[in-house]
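Before any comments, here is the structure.
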Amino acid sequence: MSLPVAVLISGRGSNMQALLKACEKPAFPAHIALVISNNHDAHGLDIAKQYNVETEIISHKSYNSRAAFETALNQCLTANGVKMVCLAGFMRLLGNDFVKNWYGRLVNIHPSLLPSFKGLDTHARALKNGVKLHGCTVHFVSPEIDEGPIIGQAAVPLRYGDDEATLAARVLEAEHQLYPACLESLALGQIALKNDRVFSKFSNASPLKILLNRE
Ligand code: GRF
C-alpha cells in the first residue's frame with residue numbers, strides 16, 4: 001500500500017521535487033497525491049505540474065482568519081485522502097488545532113541541526129557561531145515552532161571559507177537526501193512516536209542519521 005502524501009509549499013519547491021523524484025522509484029512506499037501552495041507564484045507549482053501531480057492553491061489571503069484558512073486546508077487534505085503531510089518551505093505558521101489534528105502525520109524540514117538555530121537565517125547564525133557541524137532536520141510538527149520530535153538529521157561539516165551561499169547550497173543538497181529517506185521510513189512504518197520521541201521499531205537506535213562527509 002502506497003502512502004498518499006500532500007506536500008505544502010510556498011516557493012522554490014526543491015524539497016518537494018526531491019520527494020517527487022523519490023516517489024517515482026517503483027518500490028517507494030509513498031506517492032504525492034497533492035501539492036498545495038498558499039502562494040500563486042510559487043515556482044514549485046510549475047515543477048509539480050511537470051510531474052503531473054495535482055496542485056491546489058489555497059491562499060491565506062482569501063480567508064479572514066487563520067482558523068478559516070486552516071479549515072480549508074484540512075478539507076482539501078481530507079477530500080484527497082491524504083494520510084501524511086510534508087511541509088517543504090511552507091511559510092505559514094500552523095495553529096494548534098490544525099497541528100494537533102495532524103500530529104504524528106505532519107512533518108517539516110528545517111535547515112539546521114535542531115535544537116540549534118530554530119527560526120530563520122539558520123546558515124548565517126551557524127557561521128556567526130562558528131559551529132563545525134551544521135545540517136538539517138526532519139521532525140514532526142508540534143505546536144511550538146521547530147520543536148517537534150526529531151525523525152532524522154543530516155550533518156554537514158563547515159569548510160574554511162564558507163559563506164552563507166556555499167553553506168546553504170550544501171545543506172540543501174543534504175535536505176534533498178534526508179527528506180525522502182525520512183518519508184520512506186515513515187511510510188514503511190519503521191518509526192514509532194512514544195512520549196513525544198521518535199524511535200526505530202527495529203532497534204533502540206535513532207531511526208535516521210546521515211553524515212555527509214564531503215571534505
Ligand atoms: C528549505 O531550506 C527548508 O529547509 C526550509 O525552507 C527551504 C525550502 O526550500 N524549511 P525549497 O522550497 O524546498 O527549495
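The values are calculated or read from the model by the stated rules, or taken from the named source; none is laboratory data. None of these values were measured; they are calculated from a predicted model. Neighbour counts are summed over all protein chains in view; Cβ atoms, including those assigned to glycine, are modelled from backbone coordinates with ideal geometry. To get the accessible areas, we keep the full protein, side chains included, count just its heavy atoms, and leave off ligands, DNA and RNA. Shrake-Rupley method; radii C 1.70, N 1.55, O 1.52, S 1.80 Å.
Computed over segment 109-215, the percent of Cα pairs more than 22 Å apart is 30.
The figure for residue 105 is an accessible area of roughly 80 square angstrom, using a 1.4 Å probe on the protein chains alone. Mean projection of the Cα convex hull over all viewing directions, computed for segment 36-92: 4.1 nm². Ranking 153, 112, 72 by how far each Cα lies toward the positive end of the dipole of the chain (charges on Cβ) leaves 153 at the top.
Computed extension gain for residue 21 through residue 41, at 0.36 nm per residue and net of the alpha carbon distance, reaches 5.0 nm.
Taking the protein heavy atoms of segment 82-165 in the context of the full set of protein chains, the accessible area attributed to carbon and sulfur is 53 percent at 1.4 Å.
Checking the cross-link pairs 25/209; 25/132; 25/83 against a 24 Å limit on the alpha carbon distance flags 25/132 as lying beyond it.
With semi-axes defined as the square roots of five times the eigenvalues of the C-alpha gyration tensor, the equivalent ellipsoid of segment 70-121 measures 23, 11, 10 Å, largest first. Counting every Cα pair in the chain, what percent are over 30 Å apart? Here the long-distance tail beyond 30 Å is 20 percent of all Cα pairs in the chain.
Starting from the Cα coordinates of segment 126-172, work out the convex hull volume and express it per residue in Å³.
It is 85 Å³ per residue.
Ranked by solvent-accessible area (1.4 Å probe, protein heavy atoms only, all chains present), the residues 36, 150 order from largest to smallest as 150, 36.
Across segment 109-215, the relative contact order, built from alpha-carbon pairs under 8 Å that are at least six residues apart, equals 27 percent.
For segment 1-50, applying the loop criterion from DSSP together with a ceiling of 16 other beta carbons within 10 Å to the trypsin sites (Lys or Arg not before Pro) yields 12. A protection proxy built from the mean count of other Cβ atoms within 10 Å ranks the segments 120-127, 155-162, most packed first, as 120-127, 155-162. Under a Cβ-only charge scheme (Lys and Arg +1, Asp and Glu -1), can you give me the dipole magnitude of the chain about the Cα centre, in debye to the nearest 20? Here the chain has a charge dipole of around 400 debye.
Within the P(r) computed for segment 1-102, what percentage of the Cα pairs occupies the region above 22 Å? That tail contains 25 percent of the Cα-Cα pairs. Only the Cβ atoms of Lys and Arg (+1) and of Asp and Glu (-1) were treated as charged; on that basis the dipole of segment 109-215 about its Cα centre amounts to roughly 340 debye. Whole-percent P(r), segment 1-48, all Cα pairs, 5 Å bins from 0: 5, 24, 31, 21, 11, 6, 1. Computed extension length for residue 133-residue 190: 17.8 nm, one decimal, from 0.36 nm per residue of separation with the Cα-Cα distance subtracted.
Segment 1-37 and segment 117-132 have their alpha-carbon centroids 28 Å apart. Remark: the chain carries 51 Å² of accessible area per residue (probe radius 1.4 Å; ligands, DNA and RNA excluded).
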